[in-house]
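Have a look at the structure below before the remarks.
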Amino acid sequence: MSKNKGKYYITTAIAYTSGKPHIGNSYEIVLADAIARYKRKDGYDVWFQTGTDEHGQKIEDRAGKAGKTPKEFVDGVAKEIKSVCDCLNTSYDHFIRTTDAPHEKQVQKIFRKLYEQGDIYKGAYEGKYCTECEAFYTDSQLKDGKCPICGGDVHMEKEEAYFFRMSKYADRLMQHIESHPEFIQPVSRKNEMINNFIKPGLQDLCVSRSSFKWGIPVDFDDKHVVYVWLDALTNYITGIGYDADGNSTEQYKKLWPADLHLIGKDIVRFHTIYWPIFLMALGEPLPKQIFGHPWLLQGDGKMSKSKGNVIYADDLTEIFGVDAVRYFMIHEMPFENDGVITWELMVERMNSDLANTLGNLVNRTISMSNKYFGGVVENKNVGVDAGEEDVDASLKELVTSTYDKVEKKMDDLRVADALTEIFNLFKRCNKYIDETAPWILAKDEAKSDRLATVLYNLIEGITIGASLLAPYMPDTADKIAAQLNTQLREFDTLDQFGLYPSGNKVTDQPEILFARADINEIMDKVAAQMAEKHPEMVKAAQEAAAKEAAEAEGVIDLEKKPEITYDDFAKMQFQVGEIIKCEEVPKSKKLLCSQVKIGSEVKQIVSGIKKYYSAEEMVGKKVMVLVNLKPATLAGVQSEGMLLCAEDADGNLALMTPEKPMPAGAEIC
């Protein structure tokens, strides 16, 4: 067994229970699982925690729309999230829910403690709020007036709330970040936090809400519930036995501080600013490292149900298998930039990397062992000439040095690069087959011992590669070991070549690890799967495609308003009017005031069309008028109706006019 290197506590961000996670959301749990499994193999005592974040206004709203209580709603979604983690064969040690009673109790105690020591105070909040992200933003943080994270609408919120004094700890946090360069990774995320949030000055943080009820109640003020981030972030300590009264468990004392918080780049601010400050206020050590990973995107952009392009992990595993999906997700995610996943790319990886580089290597090596030696693998340690010995040495050097390369990549959290190093080992084994040509050696009985050595070297190389592969593709590694009739190797032995028992016998019926895929067949399976399991997304994709085509043709689709009856329509009176006089409205940049003849009556109508028409060119036009609109005063001028206009996608206006000559007063029906 590998030497015990001590404890290693790793967490993912807990998943928000607003709906089933798609493949982009599921990437994090697989990445964390690969790290956790690697650390276990590498001799660490690992605790791996994940779970669900279940409180907040968004949950309350969605539960209401679904006709469920919030608890009923989150119970269902949490079950789905957990099933996705399980279908991806993740080895978490604890799945925490923020509705768990022990967690809720500790959050109340934490809130009270922070309040009693003066870090939390009562006040009122007014600011721009995004319901989707459960976050407040200043005007400077908005992007084109929208939420900088999800791009959705924000609205003004004003309510009584409790606040945390963030500025009290800002200097201390900055000192910690500067003295611990590994604390926030990648470096680009650290620079973003310093320049965009800490240096401009930290605002006090709203830590309670009183406008909704679905949350952990503040136990000394039942009008308030604990705001989602103070609730959610504390799961990392409540889940391992933290107690705010000073009676934390032995498990907590052993595991905290966390060695790694693995989170998405969109929530780095909460984990690298708010969370450390909360811990400082509680007098607890800070986590050792926070890594904000990039996003895994669909080929045509961020996944969205409204686009109909969402891919779910369990759907993918039905088509490709669990380990293939784990490989795609890990391999296609760069260290710092967003990764892209497409059906075409998945098929390409399936065929080139999995079926060919790995699967074919294992299959033909075992097949040759059976064909030439009845499956018995022996190390004759024979090289016929110096050239062949050099080939062996080259293979052994790369195989035995791969662990050190993988270890370096994993220490730097370059997990995709670590997986690439392992597949470089398998590629080198394939090259070794080409260099030694076993099928030619088999034709010469005098070279039988050399052939045996070649096959032994291949089996040993594959065994070491499979041992390294286990954290990333555990089932595949186990299958390879079973077919080679051996055990996966401990990591501290992987620099030694020749430990495969000479005389051992491989399986006589090698299993195809990965079958080649055809893109057309895969897309047929995807279409059938979507039609059966996700008809709503098929419809959304069709509507999105139609909208895109319409926009390309200059067509505009508006959001549909509620249906009206004919009686509703009959209340509105539309007539043709003739503009007999038009003037600019004083002190207004937008308004024109028109005198419009409608039959024997003249109405004064004010319109915001000055940008598109001059007062002079308005005179004499026949226009369409809503006659019985209730009068209103605009810029101090009374308006007695409305001129009808059309508006294009760029906001340009055009008056609606009759196609043929019509008298002023003609009814529009």
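The values are calculated or read from the model by the stated rules, or taken from the named source; none is laboratory data. Just so you know, these numbers come straight off a predicted model, no measurement behind them. So basically every Cβ, Gly included, is an ideal-geometry build from the backbone, and we count neighbours across all protein chains shown.
Could you say which residue among TYR456, TYR403, TYR432 is buried (at least 19 other Cβ atoms within 10 Å of the Cβ), in contact (Cβ under 8 Å) with a residue 40 or more places away in the chain and touching a Lys or Arg at 6+ places or on another chain (Cβ under 8 Å)?
On the way: TYR403 fails: touching a Lys or Arg at 6+ places or on another chain (Cβ under 8 Å); TYR432 fails: touching a Lys or Arg at 6+ places or on another chain (Cβ under 8 Å).
Only one candidate passes the filter, namely TYR456.
Test each condition in (1) modelled with pLDDT under 80; (2) in contact with an Asp or Glu (Cβ under 8 Å, 6 or more places away or on another chain) for ALA541 and report the one that comes out false.
Among (1) modelled with pLDDT under 80; (2) in contact with an Asp or Glu (Cβ under 8 Å, 6 or more places away or on another chain), the lone unmet condition for ALA541 is (2).
Can you name the residue in the stretch 65-80 that is surrounded by fewer than 18 Cβ atoms within 10 Å (Cβ to Cβ) and of a type outside the set (D, E, K, R) and is also farthest from THR11 (Cα to Cα) among such residues?
Per the stated criteria, the residue is GLY67.
Given the condition assigned to a loop (DSSP other than H, G, I, E, B) and modelled with pLDDT under 90, answer yes or no: does some residue in the stretch 515-534 qualify? Before the answer, list the steps.
Narrowing the stretch 515-534 to residues assigned to a loop (DSSP other than H, G, I, E, B): 515-518, 534.
From what is left, the residues that are modelled with pLDDT under 90 are 534.
Yes - at least one qualifying residue is present in the stretch 515-534.
Residues are listed down the side, and each one gets a yes or a no for (1) under 30 Å from ARG165 (Cβ atoms); (2) in the same structural domain as LEU468 (by TED's automatic domain parsing); (3) crowded, with 18+ Cβ neighbours inside 10 Å:
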| residue | (1), (2), (3) |
| --- | --- |
| ASP266 | yes, no, no |
| VAL310 | no, no, yes |
| GLY321 | no, no, yes |
| MET329 | no, no, yes |
| GLU336 | no, no, no |
| ASP353 | no, yes, yes |
| ASN370 | no, yes, no |
| PHE373 | no, yes, yes |
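I need the full set of residues from the stretch 76-112 which are closer than 17 Å to TYR27 by Cβ and in a loop (DSSP other than H, G, I, E, B), in order please.
LEU88, ASN89, THR90, SER91, TYR92
Got a sec? Which helices (runs of 4 or more DSSP H) wholly within the stretch 352-463 have at least 3 residues that are closer than 30 Å to GLU182 by Cα and among the acidic types (Asp, Glu)? Steps first, answer last, please.
On the way: elements: 361-373, 386-411, 415-436, 438-441.
Per the criteria, 386-411.
Among the residues of the stretch 133-180, which ones are over 16 Å from GLN57 (Cα atoms), of a type in the set (Gly, Ala, Ser) and surrounded by 15 or more Cβ atoms within 10 Å (Cβ to Cβ)?
ALA170
Residue under question is ARG62, and the condition is that it be more than 19 Å from the chain's Cα centre (by Cα), assigned to a helix (DSSP H, G or I), within 30 Å of LEU468 (Cα to Cα) and outside the structural domain of MET410 (by TED's automatic domain parsing); does it hold? Working first, answer last.
Numbers: more than 19 Å from the chain's Cα centre (by Cα): yes; assigned to a helix (DSSP H, G or I): yes; within 30 Å of LEU468 (Cα to Cα): no; outside the structural domain of MET410 (by TED's automatic domain parsing): yes.
No, not satisfied.
Among the residues of the stretch 587-644, write down those that are within 16 Å of GLY665 (Cβ to Cβ), among the acidic types (Asp, Glu) and loosely packed, with under 15 Cβ neighbours inside 10 Å.
GLU601
Quick test for you: out of GLY321, GLY308, pick the one residue that is at positive phi, at pLDDT below 95 and out of contact with any strand residue (DSSP E or B) (no Cβ under 6 Å at 6 or more places or on another chain). Can you show your working first?
Values: GLY321 fails: at pLDDT below 95.
From the options GLY321, GLY308, the qualifying one is GLY308.
What number of residues within the stretch 89-134 are closer than 18 Å to HIS224 by Cα, small (Gly, Ala, Ser) and in contact with a helix residue (DSSP H, G or I) (Cβ under 8 Å, 6 or more places away or on another chain)?
Going through the stretch 89-134 one residue at a time, the tally reaches 0.
Please state which one of VAL627, VAL637 is assigned by TED's automatic domain parsing to the domain that holds LYS610, under 12 Å from SER607 (Cα atoms) and of a type in the set (Val, Ile, Thr). Spell out how you get there, then give the answer.
Values: VAL627 fails: under 12 Å from SER607 (Cα atoms).
Sole residue among the options that is assigned by TED's automatic domain parsing to the domain that holds LYS610, under 12 Å from SER607 (Cα atoms) and of a type in the set (Val, Ile, Thr): VAL637.
So which of ARG62, ARG40 is surrounded by fewer than 21 Cβ atoms within 10 Å (Cβ to Cβ) and either within 25 Å of PHE291 (Cβ to Cβ) or among the hydrophobic types (A, V, I, L, M, F, W, C) (or both)?
Values: ARG62 fails: either within 25 Å of PHE291 (Cβ to Cβ) or among the hydrophobic types (A, V, I, L, M, F, W, C) (or both).
Step by step, each of ARG62, ARG40 is checked, and only ARG40 is surrounded by fewer than 21 Cβ atoms within 10 Å (Cβ to Cβ) and either within 25 Å of PHE291 (Cβ to Cβ) or among the hydrophobic types (A, V, I, L, M, F, W, C) (or both).
What are the residues in the stretch 180-214 that are out of contact with any Asp or Glu (no Cβ under 7 Å at 6 or more places or on another chain) and either among the aromatic types (Phe, Trp, Tyr) or at positive phi (or both), if any?
Passing the criteria: PHE183, PHE197, GLY201.
Condition first: surrounded by 21 or more Cβ atoms within 10 Å (Cβ to Cβ) and in contact with a strand residue (DSSP E or B) (Cβ under 8 Å, 6 or more places away or on another chain). Now tell me which residues in the stretch 81-96 satisfy that.
Step one: filter the stretch 81-96 for residues surrounded by 21 or more Cβ atoms within 10 Å (Cβ to Cβ), giving 81, 84-85, 88, 90, 92, 96.
Hits for the stretch 81-96 are ILE81, CYS85, THR90, TYR92, ILE96.
Which condition from (1) surrounded by 16 or more Cβ atoms within 10 Å (Cβ to Cβ); (2) within 30 Å of PHE491 (Cβ to Cβ) is the one that ASP45 breaks?
(1)
Can we say ILE149 is assigned to a loop (DSSP other than H, G, I, E, B) and β-branched (Val, Ile, Thr)?
On the way: assigned to a loop (DSSP other than H, G, I, E, B): yes; β-branched (Val, Ile, Thr): yes.
So ILE149 fits the description; yes.
Every residue in the stretch 152-184 that is in a helix (DSSP H, G or I), of a type in the set (A, V, I, L, M) and within 23 Å of LYS113 (Cα to Cα), please.
Within the stretch 152-184, MET166, ALA170, LEU173 qualify.
Got at least one residue in the stretch 241-254 being within 30 Å of PRO148 (Cβ to Cβ) and not charged (D, E, K, R)?
Of all residues in the stretch 241-254, those within 30 Å of PRO148 (Cβ to Cβ) come to none.
The answer is no, given that none of the residues of the stretch 241-254 is within 30 Å of PRO148 (Cβ to Cβ) and not charged (D, E, K, R).
Can you pull out the residues in the stretch 390-405 that are out of contact with any helix residue (DSSP H, G or I) (no Cβ under 7 Å at 6 or more places or on another chain) and more than 8 Å from LEU494 (Cα to Cα)?
Of the residues in the stretch 390-405, the ones out of contact with any helix residue (DSSP H, G or I) (no Cβ under 7 Å at 6 or more places or on another chain) are 390, 393-394, 396-397, 400-401, 404.
ASP390, ALA393, SER394, LYS396, GLU397, SER401, ASP404 - these are the residues of the stretch 390-405 that are out of contact with any helix residue (DSSP H, G or I) (no Cβ under 7 Å at 6 or more places or on another chain) and more than 8 Å from LEU494 (Cα to Cα).
Please find, among ASP315, ASP353, the residue that is at pLDDT 95 or above and either closer than 20 Å to THR12 by Cα or among the charged types (D, E, K, R) (or both). Lay out the reasoning, then the answer.
Numbers: ASP315 fails: at pLDDT 95 or above.
Residue meeting the stated conditions: ASP353.
Anything in the stretch 3-38 that is basic (Lys, Arg) and either farther than 30 Å from THR493 by Cα or modelled with pLDDT under 95 (or both)? List them, or say none.
If we filter the stretch 3-38 for residues that are basic (Lys, Arg), which is where we start, we get 3, 5, 7, 20, 37.
LYS3, LYS5, LYS20 - these are the residues of the stretch 3-38 that are basic (Lys, Arg) and either farther than 30 Å from THR493 by Cα or modelled with pLDDT under 95 (or both).
Show me the strands (runs of 3 or more DSSP E) found entirely inside the stretch 575-659 where at least 1 residues are of a type in the set (D, E, K, R) and under 48 Å from the mean Cα position of the chain (by Cα).
Numbers: elements: 592-598, 601-607, 622-626, 632-634, 637-639, 645-647, 653-655.
Once the strands (runs of 3 or more DSSP E) in the stretch 575-659 are filtered for at least 1 residues that are of a type in the set (D, E, K, R) and under 48 Å from the mean Cα position of the chain (by Cα), what remains is 645-647.
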